[in-house]
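Everything below concerns the one structure shown next.
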Amino acid sequence: MEIFRQKIAELLLEETGLDLEDIKENVEVPPDRNLGDFAFPCFKLAKIKKKNPAQIASEIVENIEAGEYFSAIEATGPYINFTCNLEKLNQDTLERIYTQGRGYGKSSEGDGKTVVIDFSSPNIAKPFGFGHLRSTVIGNSLANVYETLGYNVERINHLGDWGTQFGNLIAAYLKWGNEQELEKDPIEYLYDLYVKFHEEMEEDPSLKDEGREWFRKLEEGDETAEKLWEWFREMSLKDFERIYRKLGVKFDSNKGEAFYNDKLEDTIETIKDSGIATYSQGALIVDLNEENLPPCLLKKQDGATLYITRDLTAAFYRYENYQFDKALYVVGADQELHFNQMFNVLKKMGCDWAENMEHVPFGLIRFQDRKMSTRKGNMVYLEDVLEKAKQLALETIREKNPELDNQEDIAEMVGVGAVIFGDLSNDRVKEVNFDWDKILDFNGETAPYLQYTHARICSVLKKADITPEYDKDIVKHLQSDYEKNVIQLLAGFTDALKRTRDANKPHILARYLLDLGREFNRFYNHCPILNETEEVKQARLILIDAVRQVLANGLGIMGIKAPEAM
Ligand code: ARG
């Protein structure tokens, strides 16, 4: 109903002297809908103009015309009440969907603003674990939401590509590694080496020193160490790329922790210069007692820097490079303290832009599936989960639609979609119990349900054998409540995106799409389409084509494909 708020703001602009956004924010929904669909309270204005609010309300009402968007505008005490002309809204909505197509839902609200989103950020030289699904899909869908709302979005994969474990891995490779073996399945092989190194270390503690020595060499830029590390990194990226492609995820930057190596000293100097750092038992810290937080450790006694030192450096780097209006970190709730400390150090230094940084936390995802074996080290590979989802989707498709072409491709869209939506449909702060039956239920609150609805619409359109064209006289035939309810939901798409952005919660968009799917199916079960008079048939085809478009757009924003048949 964004459009009405906009129209109200336009109507009141001159009379109130307030600005557009200010008016929009103050528009309310009256508790008693008999009074109207929207209300504008005049208290604030009364203060400014030093007049009685009821008097202001009635004066304004006398000076404005209802126009085509409102059937009535009345003053009731200190409120101006607006009753909407839904007929007009319905027409406008369908017309906009028809003309904007894939662009429907877009807004220019974010024009000129930059949002930096740090998400996914797995650790290299290891398989991509199921645990990194949440950050990846939540971050990706938020990035798409911001982009749709007009923001310039920078997607950053802050790879975990630095740390003592790489010293161990180099030592292990030089001891037991074999290039040919490694080339066959690099990540699996490196992971084997990593596990072996840890096992052998129990027996032979001198390995620990060897690993440490190699990490020291790596830090000093030793050629052998550096070459190997670069190679590990490259192979990992290639491996991750395969999964990102499946999930439809792209990044603007893969600058990971290692990128900041030569910038850490600058960070430490800057923090020292600001006067907030102190030495405590030889370690450099920032005391955060006033903030009720444990001290932030910047540099250990032995000179080693920490995860947070890198994150602080990355924050400076990003602010300098992107001048962001917002910086989001889509990282598990278990890192809350880390981000709290980091933001507070920046604020203490006087960086006011730290107010625009936000940790977007999420709860654990639990995987209980006795049928699928975990691999070494109890690890669940995301790729295995996606593959199994595809196989399960394929079984259902073969059963439901044995004649279907491209069954494999469609099963992939459905399986991957089910996994993504199974995550995103939950309020991110809650824990998720991953459940195959639940996420793949074609009648449940799932991606397959929405995809199936989309495919069903495509098949009706195909059967009708005409391309619906918007016509304002034709859509007047959409008179039942079933139809009107669907259109009202369609009209609220951009609103749903904005609410998703405001809370940084993709389940708001998921909820919206499920509501749309339900409302569409209610309509579909009550209103025949093809066996109707020509006008009604055409009107309903326009309506379902609009639903198809919005489902496809919404799923696309979540990173989910919408097949035309399934
Ligand atoms: N690599 C880290 C992990 O797997 C996540 C990094 C999140 N991003 C950040 N800027 N700290 O837990």
### Message
What pairs come out if I take residues in the range 204-219 that are free of Cβ contacts under 8 Å to residues at least 60 places away in the same chain and pair them with residues that are of a type in the set (D, E, K, R) and assigned to a helix (DSSP H, G or I) whose C-beta lies under 7 Å away, six or more apart or interchain?
### Response
207/200; 218/226
### Candidate set: the range 117-160, residues that are small (Gly, Ala, Ser) and within 19 Å of residue 307 (Cα to Cα); chosen: the one surrounded by the most Cβ atoms within 10 Å (Cβ to Cβ)
120
### Task
Output the residues belonging to the range 113-150 that are within 14 Å of the ligand (Cβ to nearest atom), part of a loop (DSSP other than H, G, I, E, B) and small (Gly, Ala, Ser).
120, 121, 125
#### Entry: Single residue of the range 451-506 satisfying the filter (of a type in the set (Gly, Ala, Ser) and without any contact (Cβ under 8 Å) to a residue 60 or more places away in the chain) that is nearest to residue 115 (Cα to Cα)
503
### Task
Go through the range 1-57 and tell me which helices (runs of 4 or more DSSP H), entirely inside it, have 3 or more residues that are outside the structural domain of residue 502 (by TED's automatic domain parsing) and over 26 Å from residue 494 (Cβ atoms).
43-49
### Query
Quick one: how many residues across the range 413-438 are in a helix (DSSP H, G or I) and surrounded by 21 or more Cβ atoms within 10 Å (Cβ to Cβ)?
12
### Task
Taking the options 384, 334, name whichever one is within 14 Å of the ligand (Cβ to nearest atom), part of a helix (DSSP H, G or I), closer than 25 Å to residue 128 by Cα and of a type in the set (Asp, Glu).
334
### Query
When both residues are 6+ apart or on different chains and their Cβ atoms are under 9 Å apart, which pairs have a first residue that lies in the range 376-405 and is surrounded by fewer than 16 Cβ atoms within 10 Å (Cβ to Cβ), and a second that is in a loop (DSSP other than H, G, I, E, B) and small (Gly, Ala, Ser)?
401/565; 404/565; 405/565
### Message
With the structure loaded, tell me whether residue 189 is at pLDDT below 95 and either under 39 Å from the mean Cα position of the chain (by Cα) or not in a helix (DSSP H, G or I) (or both) or whether it fails that test.
### Response
yes
### Task
Answer yes or no: is there a residue in the range 522-541 that is part of a helix (DSSP H, G or I) and closer than 22 Å to residue 2 by Cα.
no
### Unique residue being of a type in the set (Asp, Glu) and under 19 Å from the mean Cα position of the chain (by Cα) when the list is 495, 545
495
### Message
Return the pair list, or none, for Cβ contacts closer than 6 Å from residues in the range 320-339 that are within 25 Å of residue 110 (Cα to Cα) to residues that are assigned to a helix (DSSP H, G or I) and away from the ligand (no atom under 14 Å from the Cβ), at least 6 apart or on different chains.
### Response
326/356
### Task
May I ask you to verify whether residue 445 is surrounded by fewer than 22 Cβ atoms within 10 Å (Cβ to Cβ) and in contact (Cβ under 8 Å) with a residue 40 or more places away in the chain?
yes
#### Entry: Hits in the range 260-280 - residues which are within 16 Å of the ligand (Cβ to nearest atom) and in contact (Cβ under 8 Å) with a residue 60 or more places away in the chain
261
## Note on the structure
Quick count over the range 271-313, residues being under 13 Å from residue 346 (Cα atoms), polar (S, T, N, Q) and more than 33 Å from the chain's Cα centre (by Cα), is 1
## Note on the structure
Subset of the range 297-311, residues away from the ligand (no atom under 11 Å from the Cβ) and part of a helix (DSSP H, G or I), comes to 309
### Task
Of the conditions (1) at pLDDT 90 or above; (2) surrounded by 15 or more Cβ atoms within 10 Å (Cβ to Cβ); (3) closer than 14 Å to residue 81 by Cα; (4) not β-branched (Val, Ile, Thr), residue 4 clears all except one; give me its number.
(1)
#### Entry: Some residue of the range 448-466 being over 26 Å from residue 426 (Cβ atoms) and not in a helix (DSSP H, G or I)
yes
### Task
Go through the range 152-168 and give me each residue that's within 17 Å of residue 128 (Cβ to Cβ) and assigned to a helix (DSSP H, G or I).
165
## Note on the structure
When (1) farther than 18 Å from residue 131 by Cβ; (2) touching a strand residue (DSSP E or B) at 6+ places or on another chain (Cβ under 8 Å); (3) part of a helix (DSSP H, G or I) are applied to residue 328, the one that fails is (3)
### Message
Being over 23 Å from residue 138 (Cα atoms), in contact with a Cys (Cβ under 7 Å, 6 or more places away or on another chain) and surrounded by fewer than 16 Cβ atoms within 10 Å (Cβ to Cβ) is true for just one of 564, 534. Which residue is that?
### Response
564
### Task
State whether one or more residues within the range 343-357 are more than 9 Å from the ligand (Cβ to nearest atom) and touching a Leu at 6+ places or on another chain (Cβ under 6 Å).
yes
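Residue by residue, here is whether (1) modelled with pLDDT of 95 or more; (2) of a type in the set (A, V, I, L, M); (3) part of a helix (DSSP H, G or I) holds:
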{"position": "214", "(1), (2), (3)": "yes, no, yes"}
{"position": "219", "(1), (2), (3)": "no, no, yes"}
{"position": "228", "(1), (2), (3)": "yes, yes, yes"}
{"position": "245", "(1), (2), (3)": "yes, no, yes"}
{"position": "258", "(1), (2), (3)": "yes, yes, yes"}
{"position": "269", "(1), (2), (3)": "yes, no, yes"}
{"position": "279", "(1), (2), (3)": "yes, no, no"}
## Note on the structure
The condition from (1) surrounded by fewer than 22 Cβ atoms within 10 Å (Cβ to Cβ); (2) not in a loop (DSSP other than H, G, I, E, B) that residue 473 misses is numbered (2)
### Message
Out of 56, 64, 8, 23, I need the residue that is in contact with a Ser or Thr (Cβ under 8 Å, 6 or more places away or on another chain) and in contact (Cβ under 8 Å) with a residue 12 or more places away in the chain. Which one?
### Response
23
#### Entry: Residue satisfying condition, being small (Gly, Ala, Ser), surrounded by 13 or more Cβ atoms within 10 Å (Cβ to Cβ), more than 11 Å from the ligand (Cβ to nearest atom) and farther than 19 Å from residue 215 by Cβ, within set 327, 314, 283
283
## Note on the structure
Only unsatisfied item for residue 165, checking (1) in contact with a Gly (Cβ under 6 Å, 6 or more places away or on another chain); (2) within 16 Å of the ligand (Cβ to nearest atom); (3) not aliphatic (A, V, I, L, M), is (1)
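The values are calculated or read from the model by the stated rules, or taken from the named source; none is laboratory data. All of these numbers come straight from a predicted model, not from anything done at the bench. As a convention, Cβ positions derive from the backbone with ideal geometry for all residues, glycine included, and neighbour counts pool all protein chains shown.
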